[in-house]
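Colleague: I'd like to ask you about the structure that follows.
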Amino acid sequence: MEDKMITVKVARAHLSQDKKSSASQTKGYPLSNRACVKMVSMEKGSGGDYPKGVNKYACACSIVGSMISIIFGYDTGVMSGAMIFIKEDLKINDTQVEILAGILNICALVGSLCAGRTSDIVGRRYTIVVASIIFLIGSILMGYAPTYAILMTGRCIAGFGVGFALMIAPVYSAEISSPATRGLLTSLPELGISFGILLGYVSNYVFSKLTLTLGWRIMLGIAALPSVLLAFGILKMPESPRWLVMQGRLGEARRIMHQVSNSDEEAEDRMKAIKKAAGIDENCNDEIVKMSKKTHGEGVWKELILRPTPAVRRILLAAIAIHFFEHACGIEAVVLYSPRIFKKAGVTTHKKLLLATVGVGITKIIFITVATFLLDRVGRRKLLLTSVGGMIVALSALGFGLTMVHHAHKQLLWALTLCIISTYTYVVFFSIGLGPVTWVYSSEIFPLKLRAQGVSIGVAVNRLTNAVISMTFLSLYKAITIGGALFLFASLAVVAWLVFFFFFPETKGRPLEEMEAIFSGSARSKNGGVEMQRGNN
């Protein structure tokens, strides 16, 4: 505490000088006038007062790690338009289209479960490399695809890569970021997915001008290029310091932690908390420590499912619930089948359908970008509840508009307008909360040892729900009408809102090592979230 007071006094002394750029040393850091302002403005952390601001190195690492999500997003977005041309070129029926759309998620389910253990064995960084290589193989096969069978094979391989990407990107970002900026950095993978979806929509529009045989193959195959670049680029990134601590590699973890922290004090406090969570003496400064416990994820499933503590059980149920409701509320139906929704509403030509879909992608990326800056200010709970509340209203309006169109014998301009406005409103509310919060929340709540494989279970549920929605939506709306399907999604969104309100504590600004205590319910805040009584470290 004495060192911190000295730091602030030195900063104030510099502020009282003229705008001379004399430098002083405080704990090894030169202080310019601008730096002094930053040092005076401090934020409360678990272990003390730290300088505010996003660490540039941690941000750069999160951006590169999130590139795997851009590739996945592209694959999702491009398929929505490519299916129009694939169906015409390969002469496949609606059932085959549904299987093609949904098989990626079935394979992603398997991929995510494998990714959790893989990342515990080889590390977070090399798991991203594995995902890139899998995407590369899948993209090449889909771009070649002379038959439906080969196209399905490529789609399945790409789906396996999707499972890896969805699990590892948010975990890596969460483990290198500080509590104060974790919402921003951990939401970057979701932003990457949205950016990829938008690129996929644009690719649909650009390559649709090519011949029928060539156009959709280029749409799908071009994703191989960023996969190659990412596989090499990721090797320049550091490993997760939390994974390194689990392996007993304390010296390497400490050096990386100093790079991704805003001060020496913050780095040391974070290291102490991680060592304590890993069962290592927090005052140990050895370069390498021999771990007595298993360090490659052995026995984690037993602790998660067979014999969990009450807090771990609540954490697992929360992760499963948020991943289930993200897709049970219908986002996949709106994104993947948006051309069909707009067509049903009255938009007819391919060009207008694809342009309307591009608009959905632009809306999604704009508001997820907004959400990334709100997560650490507003908090996860408020964004989640506001988001789902807006989705309920938008889905109800869209269902009503499409029901009117279905029963009308002529085109209803007001209903068409309502459907378009409701679709965009729904995407706005999803993107401002449920979309990014799902990945931030689930990647930050698990204890260190259980994190990778715990997140993989949540992702598996996410992909299974996604697969069910994408593979049954066409059959569902034929059975109960498209309006009826959207009313069903609205009902599920109501259930989601109630679950989030009663069972989800706030995690904003909390160190990862405190999450198990938060979910133990030891103390509750006035706003319904869980507040921890901080002690002095």
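Colleague: Please report, in whole Å³, the volume per residue of the convex hull around the C-alpha atoms of the stretch 443-497.
Modeller: 79 Å³
Colleague: Expressed in nm², what is the orientationally averaged projection area of the convex hull enclosing the Cα positions of the stretch 247-336?
Modeller: Taking the Cα atoms of the stretch 247-336, their convex hull projects to 9.2 nm² on average.
Colleague: Would you mind computing, in nm to one decimal, how far apart the modelled labels at residue 355 and residue 408 are, each placed 7 Å from Cα along Cα→Cβ?
Modeller: Between residue 355 and residue 408, the simple spin-label model gives 2.0 nm.
Colleague: Let me ask something additional. Of the listed peptides 381-389, 169-177, what is their order by residue-averaged count of other C-beta atoms within 10 Å, with the highest listed first?
Modeller: Ranking, from highest mean packing down: 169-177, 381-389.
Colleague: A follow-up question, please. Based on the Cβ-Cβ distance of residue 495 and residue 475, what FRET efficiency does E = 1/(1 + (r/R0)^6) give at R0 = 25 Å, to the nearest 0.05?
Modeller: Efficiency, from the Cβ-Cβ distance: 0.65.
Colleague: So for each of 142-153, 86-97 I average, over its residues, the number of other beta carbons within 10 Å; can you give me the resulting order with the highest mean first?
Modeller: Top of the packing list down: 142-153, 86-97.
Colleague: Would you please give the residues with an amide H less than 5 Å from that of residue 261, counting only those at least 5 places away or on a separate chain, with H modeled from the backbone geometry?
Modeller: Those qualifying (amide H under 5 Å, at least 5 residues apart or on another chain) number zero.
Colleague: Considering the convex hull of the alpha carbon atoms of the stretch 105-241, report its projected area averaged over all viewing directions, in nm², one decimal.
Modeller: Average of the hull's projected areas for the stretch 105-241 equals 8.6 nm².
Colleague: Which Rg and Dmax, in Å, describe the Cα atoms of the stretch 347-462?
Modeller: 17.7, 60
Colleague: Then there is this: When the Cα atoms of the stretch 220-269 are enclosed in a convex hull and the volume is divided per residue, what value in Å³ results?
Modeller: Looking at the stretch 220-269, the number lands at 108 Å³ per residue.
Colleague: If I stretch the segment between residue 93 and residue 54 completely, what's the gain in nm (0.36 nm per residue apart, minus their alpha carbon distance), one decimal?
Modeller: Result for the pair: 9.0 nm of gain on full extension.
Colleague: Once label points are set 7 Å from the Cα along Cα→Cβ at both residue 264 and residue 502, what is their separation, rounded to one decimal in nm?
Modeller: 5.2 nm
Colleague: May I ask you to compute the full-extension gain from residue 149 to residue 281, defined as 0.36 nm times their residue separation minus their alpha-carbon distance, rounded to one decimal in nm?
Modeller: 42.0 nm
Every read-out reported here was derived from the displayed coordinates using simple, explicitly stated rules and does not represent laboratory data. If you're wondering where the values come from, they're calculated on a predicted model, not measured in any experiment. Note that we place each Cβ from the backbone using ideal geometry, even for glycine, and neighbour counts take in every protein chain shown.
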